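**Student:** Sharing a structure here in structure tokens format.
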Amino acid sequence: MRAEQLTGPLCEHGEGPAWSERWAGPRWVDMLAGDVLELQPDGSVRRRHTDRVAAFTRPRSGGGWMVAGRSRLSATSGDDLDAKLDVGPELWSAADVRSNDGACAPDGSLLLGTMADDATEDRGFLAAVERGDTRRVCAATISNGLGFTSDGGALYIDSTLRRIDRFDWDPIHGLTGRRPWVDVSHAPGIPDGLSVAADGGVWVAFFGGASVRRYGPEGREEAVVPIPVAQPTAVAFVGAGELAGGLVVTTSRYALGAAAERSAGALFAIPGAGEGARVHEWSGELR
């Protein structure tokens, strides 16, 4: 497998990709610009500004989509990128903490990960969010990839730990029983966003490591796909269209300056990566 470039270097810090059959194509964010982008069938890209930060976007059950802003959620009731966006209340009071990554659980609830602007150790957290309230699951330094498996578990990354952890999950207790799953400190860079495959394996983007790596259901490294830029950030499976059966990969040129590769900030694809596990839609309300 090899990576293919889909767009120009459109993002300073591309992140948070997602796909829905109701969208024109995959969506992702230019995080620190606060923008959501959508790839069109003809290869062009639409872009919409939403907040000071746009950490990730996900489809909303029953129609519409949500985006995690710096410290608020926003959501639409329509699927189009230009649908009216309603803004929820502040979810925490700490001015130096922002959203960073997250996912929807099988019951449609939202798990939101955060970090301090200066990446202070354990200043961030992973939290369950419901109607404007946050219940903290665990402290985190850089709360990143989170994805759910078909056997009632979840895989999670706090990047600075350089490992993938596993949780148990059920709709009553949420995420419990955190324990280390795979040590990935052998790989260059730090683990960032992840996407779970239908067979229980996991694909992980390595920020600073110029690669996306697959770990099988038992945690053994099975594939390494080089990405032609230093800072891939996150991955998402696409379920239909020309990209079906592949991953899209977001990338960043953040803090690279003149050292940034010409394609840093572009969206890439890894064709033939396989089928993704079910991606759950958000069923919550803003307040």
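**Student:** Scanning region 98-115 for residues that are among the aliphatic types (A, V, I, L, M) and out of contact with any Phe, Trp or Tyr (no Cβ under 8 Å at 6 or more places or on another chain), which turns out farthest from Leu194 (Cα to Cα)?
**Tutor:** Going through the qualifying residues, I end up with Met115.
**Student:** Still on this model: Listed residues Thr120, Thr134; which is over 18 Å from the mean Cα position of the chain (by Cα), not aromatic (Phe, Trp, Tyr) and not in a loop (DSSP other than H, G, I, E, B)?
**Tutor:** Result of the check over Thr120, Thr134: Thr134.
**Student:** Go through region 129-156 and count every residue that is in contact with a Ser or Thr (Cβ under 9 Å, 6 or more places away or on another chain) and open to solvent by 50 Å² or more (accessible area, probe 1.4 Å).
**Tutor:** Residues that pass the stated criteria total 1.
**Student:** I would also like to ask the following. For region 195-207, check the following and say yes or no: at least one residue is free of Cβ contacts under 8 Å to residues at least 24 places away in the same chain and more than 17 Å from the chain's Cα centre (by Cα).
**Tutor:** No, region 195-207 has no match at all.
**Student:** Let me ask you something else. Would you point out which residue out of Gly239, Gly193, Gly265, Gly246 is farther than 26 Å from Arg179 by Cβ, of a type in the set (Gly, Ala, Ser) and out of contact with any Pro (no Cβ under 6 Å at 6 or more places or on another chain)?
**Tutor:** Within the list Gly239, Gly193, Gly265, Gly246, the selection yields Gly239.
**Student:** In region 77-105, how many are open to solvent by less than 20 Å² (accessible area, probe 1.4 Å), assigned to a loop (DSSP other than H, G, I, E, B) and small (Gly, Ala, Ser)?
**Tutor:** 3
**Student:** Among the listed residues Gly34, Gly25, Gly64, which satisfies the condition of being out of contact with any helix residue (DSSP H, G or I) (no Cβ under 6 Å at 6 or more places or on another chain), more than 23 Å from Arg98 (Cβ to Cβ) and free of Cβ contacts under 8 Å to residues at least 40 places away in the same chain?
**Tutor:** Gly64
**Student:** Residues that are assigned to a strand (DSSP E or B), touching a Pro at 6+ places or on another chain (Cβ under 7 Å) and under 20 Å from Trp282 (Cβ atoms): does region 150-168 have at least one?
**Tutor:** No, the conditions are met nowhere in region 150-168.
**Student:** Based on this model, can you work out whether Leu126 counts as touching a Cys at 6+ places or on another chain (Cβ under 6 Å) and buried (at least 19 other Cβ atoms within 10 Å of the Cβ)?
**Tutor:** Judged against the criteria, Leu126 is a match.
**Student:** Only residues that are small (Gly, Ala, Ser), under 21 Å from Thr251 (Cα atoms) and in contact with a strand residue (DSSP E or B) (Cβ under 6 Å, 6 or more places away or on another chain): list them for region 38-76, please.
**Tutor:** Passing the criteria: Ala54, Ala55, Ala68.
**Student:** Here's a follow-up. In region 170-229, how many are of a type in the set (Gly, Ala, Ser), surrounded by fewer than 13 Cβ atoms within 10 Å (Cβ to Cβ) and under 25 Å from Glu261 (Cα atoms)?
**Tutor:** Within region 170-229, residues that are of a type in the set (Gly, Ala, Ser), surrounded by fewer than 13 Cβ atoms within 10 Å (Cβ to Cβ) and under 25 Å from Glu261 (Cα atoms) number 1.
**Student:** Can you tell which of Ala234, Ala266 is more than 18 Å from Pro188 (Cβ to Cβ), touching a strand residue (DSSP E or B) at 6+ places or on another chain (Cβ under 7 Å) and modelled with pLDDT of 95 or more?
**Tutor:** Answer to the check: Ala266.
**Student:** Also, quick follow-up: Condition test on Leu73, is it under 16 Å from the mean Cα position of the chain (by Cα) and either more than 19 Å from Ser195 (Cα to Cα) or without any contact (Cβ under 8 Å) to a residue 12 or more places away in the chain (or both)?
**Tutor:** yes
**Student:** Turning to a different aspect of this structure: State which residue is farthest from Asp101 (Cα to Cα) when the search covers only region 176-194 and only residues that are under 18 Å from the mean Cα position of the chain (by Cα) and aliphatic (A, V, I, L, M).
**Tutor:** Initial filter on region 176-194 (under 18 Å from the mean Cα position of the chain (by Cα)): 189-194.
With aliphatic (A, V, I, L, M) added as a condition, the list becomes 190, 194.
Working: Ile190: 15, Leu194: 10 Å.
The qualifying residue farthest from Asp101 (Cα to Cα) is Ile190.
**Student:** Filter region 252-287 down to the residues that are of a type in the set (Ser, Thr, Tyr) and open to solvent by 40 Å² or more (accessible area, probe 1.4 Å), then identify the one that is nearest to Trp19 (Cα to Cα).
**Tutor:** Once the filter is applied, the top-ranked residue is Ser283.
The values are calculated or read from the model by the stated rules, or taken from the named source; none is laboratory data. Note that this is a predicted model, so its numbers are computed, not measured. Quick reminder, even Gly has a Cβ in these numbers, built from the backbone with ideal geometry, and neighbours come from all protein chains shown. Side chains included, ligands, DNA and RNA excluded: accessible areas come from the protein's heavy atoms. Shrake-Rupley method; radii C 1.70, N 1.55, O 1.52, S 1.80 Å.
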